[in-house]
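Asker: Take this structure first; my questions come after.
The values are calculated or read from the model by the stated rules, or taken from the named source; none is laboratory data. Treat the numbers as computed from the prediction; the structure is a model and nothing was measured. Neighbour counts are summed over all protein chains in view; Cβ atoms, including those assigned to glycine, are modelled from backbone coordinates with ideal geometry.
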Amino acid sequence: MNESLSADIAATAARLVVEEGMEYGPAKRKAARTLGRSRPSDLPSNDAVEDAVREYISVFCADTQPAELAALRGLALRWMERLAEFRPHLSGAAWRGTATRLSALHIDLYCDDPKAAEIALVNQGVDYDVGSLPSPRGGQIDVLSVASFCPVLREQVTLFLAVRDLDDVRGALKPDATGRTLRGDLGALRRRMAEDAGEPAAGGTITG
């Protein structure tokens, strides 16, 4: 791998992630095409892109991103409380701390019955679309997409609810290669939000 080229792709992808709200995979591929490269071996890892996103935010979005992240985490918390019976875990940029107002929210639900989450949304009068992702067990898992208005940001935010097998919850909090967790449950999100706000984590639910 050409490390200099990989770094250039990561930096370009980071701009696409922050400024256009793209996910890492599409952003890396578009960045590579922009730079005239198409070999998979030239693509940086997701960790490299995340590092580049953090750097981009620190340079260009330091004044606005913390408040946008807090708003998105508040919206995620409300949905996780709403779907608490399905053991929700927040993942993606909102959990890792790199989300901006253009970021989607990614919440994993762990269900005995894969259709139970859909039934809950129907019963709550929530409109949703159904997509899919590859399952770690093979096959596909359903991903329910919901548009939810964020009062703080004053715009719609897309939520992706990945419906996972209940047995997968045991590995949900495993850290990545850098020791950072890939997702957090309700309690972990409340603690993280309290820490960001400089407040004690114990006590009532944070709904900001």
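Asker: Could you say whether any residue in the stretch 50-60 is more than 14 Å from A7 (Cβ to Cβ) and buried (at least 17 other Cβ atoms within 10 Å of the Cβ)?
Answerer: Yes, because at least one residue in the stretch 50-60 is more than 14 Å from A7 (Cβ to Cβ) and buried (at least 17 other Cβ atoms within 10 Å of the Cβ).
Asker: Among the numbered conditions (1) surrounded by 21 or more Cβ atoms within 10 Å (Cβ to Cβ); (2) touching a Pro at 6+ places or on another chain (Cβ under 9 Å); (3) in the same structural domain as A116 (by TED's automatic domain parsing); (4) over 18 Å from T181 (Cα atoms), tell me where E81 comes up short.
Answerer: (1)
Asker: Still on this structure, I have one more. Evaluate the stretch 123-136: report whether one residue or more is touching a Leu at 6+ places or on another chain (Cβ under 7 Å), part of a loop (DSSP other than H, G, I, E, B), modelled with pLDDT of 80 or more and farther than 25 Å from D51 by Cα.
Answerer: There is at least one residue in the stretch 123-136 that is touching a Leu at 6+ places or on another chain (Cβ under 7 Å), part of a loop (DSSP other than H, G, I, E, B), modelled with pLDDT of 80 or more and farther than 25 Å from D51 by Cα.
Asker: Look at the stretch 13-44 and say how many of its residues are within 21 Å of L105 (Cα to Cα), of a type outside the set (F, W, Y) and surrounded by 13 or more Cβ atoms within 10 Å (Cβ to Cβ).
Answerer: 13
Asker: Out of all the residues in the stretch 142-149, is one or more at pLDDT below 95, assigned to a strand (DSSP E or B) and either outside the structural domain of A188 (by TED's automatic domain parsing) or surrounded by fewer than 21 Cβ atoms within 10 Å (Cβ to Cβ) (or both)?
Answerer: Checked the stretch 142-149: no residue is at pLDDT below 95, assigned to a strand (DSSP E or B) and either outside the structural domain of A188 (by TED's automatic domain parsing) or surrounded by fewer than 21 Cβ atoms within 10 Å (Cβ to Cβ) (or both).
Asker: Let me confirm something: among G74, G36, G21, G25, which residue is out of contact with any Leu (no Cβ under 6 Å at 6 or more places or on another chain), small (G, A, S) and touching a residue at least 40 places away in the same chain (Cβ under 8 Å)?
Answerer: G74
Asker: On to the next question. Restricted to the stretch 98-141, and to residues that are in contact (Cβ under 8 Å) with a residue 60 or more places away in the chain, under 23 Å from V18 (Cα atoms) and not polar (S, T, N, Q), which residue is surrounded by the most Cβ atoms within 10 Å (Cβ to Cβ)?
Answerer: Checking each candidate, the answer is D108.
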